[in-house]
Amino acid sequence: MELFGGIVSGVLTAAFTLGIVVTGVLVGGIVMVSRGRHRPERELESQRTQAGIALVRADDALQSADRELGFALAQFGEHDTVAFRAAIDAAEEDRREIFRLHGMLVDDPAPGLRQRERADRIVMLSERIAASLGEHETAFRRRRSAESGARERLTRLRERTAAVRARHADEERARLHETPDTYSAKALGAAADAPRLAAERLDAADAALARVDDALAQAVPPPVTDALDDADVAILAAERLLDDRAAAVARLDDVATALEALAADARVQRTEALAAVDNAPDPDTAAAITRAVADVDTALSTTVDARDPLPALTRLRGALDALDVALAAARTQAQRLSHAREALDAAMVTARIQLADAEAAGRGRGAAAARARLEQARRELELAERESSTDPVAALDAARRAITHARDADVLARY
């Protein structure tokens, strides 16, 4: 009996041990399967992160190269910068391909080999841009570091400073003869302070050139490349500030012209809409048209503020869009095309100024998401320009999408 009890006890112990082992194997298998399921999603997220970093680096490299090309053009002329410009053009093609692939990478949620290939190609193109442009930038920096041409460069920089000061003075005199309240500081945005900042940059350039003068007057002149570079950067900054101011005023002039034309068109449309109320197919449509006409009247009453025409243009365009929707049931296709052609100019002007503001806000600091939205806005605006002569309805839709993407890019870049 004792022998039989020992045998039974041993069998039970072995069975219990075997059960524990089998349970451990099953649990381990479940954990491994679960981890295996989540690994592709983690890998895809990592690939997207690396691709976004590569996109930002490529965009920054192109911005840096553009600045360096400006310095090289001013110092060495068009002939010596042909190869550099060609490298930038090639890098711009790679940059467009990067944005295209990044859009596919973001829009396709499913992990897989194609997503990995897209991410790897984005990284490869970014590295190619950095290598190509870096080589040219380094070469021109070395040329500028040669102190033998310091006196010649000093002369050229003085001539550039004098030319920019003369331009600044001419523009200030012209502004004195304008109405002081032509455009508000809010409407001009960053360009409102451009004249003052440009004068400060020119003063900084003069101070740097004075340091170069003092250094070259010594028996053994010390290195002056840094001071010359400081003057070069300051002059270029002053030029760009004045360009930005002129561009901002030109854009606002376009907005004011578009607002005037759109207001005239709105008055005609509201008259036609009121006539359409009597012919509306049902009471709901008539009521919708009446409400939309009231909104147009409200928007027209705000167009008198010409100091900041963009909000007035935006409100009026939105009111007319709403009126267009209300009239859709009672409007013929020919009328829709006619309205689209009339509304297209205002939408295009709004898209261009919104895009320019977003580019200025995100210059040199936008993350991948902001730059991707900015690229989408550029593509939609290009589409609107292509379609404007053949399909005004499609062009108007594309311009509206460009406005939306540019606003999103502006918000992402700022916050």
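The values are calculated or read from the model by the stated rules, or taken from the named source; none is laboratory data. In this text the structure is predicted, and so the values were computed from the model without any measurement. Every residue, glycine as well, gets a Cβ built from its backbone with ideal geometry; the counts of neighbours run over all protein chains shown. Side chains included, ligands, DNA and RNA excluded: accessible areas come from the protein's heavy atoms. Shrake-Rupley method; radii C 1.70, N 1.55, O 1.52, S 1.80 Å.
Numbers at a glance
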quantity: Among the residues listed as ASP244, ASP214, ASP253, ASP265, the single one being over 30 Å from ALA343 (Cβ atoms), assigned to a helix (DSSP H, G or I) and either free of Cβ contacts under 8 Å to residues at least 12 places away in the same chain or acidic (Asp, Glu) (or both); calculated: ASP214
quantity: Verdict on PRO195 being over 30 Å from ASP295 (Cβ atoms) and assigned to a loop (DSSP other than H, G, I, E, B); calculated: no
quantity: Criterion: at pLDDT below 85 and either assigned to a helix (DSSP H, G or I) or in contact with a helix residue (DSSP H, G or I) (Cβ under 7 Å, 6 or more places away or on another chain) (or both) - qualifying residue of ARG57, ARG96, ARG100, ARG35; calculated: ARG35
quantity: Test: residue in the range 152-165 that is of a type in the set (S, T, N, Q) and more than 23 Å from the chain's Cα centre (by Cα); calculated: yes
quantity: Some residue of the range 105-122 being touching an Asp or Glu at 6+ places or on another chain (Cβ under 6 Å) and open to solvent by less than 40 Å² (accessible area, probe 1.4 Å); calculated: no
quantity: Test for GLU171: is it charged (D, E, K, R), in a helix (DSSP H, G or I), open to solvent by less than 50 Å² (accessible area, probe 1.4 Å) and under 27 Å from ASP66 (Cβ atoms); calculated: yes
quantity: Any chance ALA131 is at pLDDT 90 or above, open to solvent by 60 Å² or more (accessible area, probe 1.4 Å), of a type outside the set (D, E, K, R) and part of a helix (DSSP H, G or I); calculated: yes
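Conditions tested, residue by residue: (1) crowded, with 17+ Cβ neighbours inside 10 Å; (2) at pLDDT 85 or above; (3) of a type outside the set (A, V, I, L, M, F, W, C).
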| residue | (1), (2), (3) |
| --- | --- |
| LEU316 | yes, yes, no |
| ALA330 | yes, no, no |
| ARG341 | no, no, yes |
| ALA351 | yes, yes, no |
| ALA370 | yes, no, no |
| ALA377 | yes, yes, no |
| ALA399 | yes, yes, no |
| ILE403 | yes, yes, no |
| ASP410 | yes, no, yes |
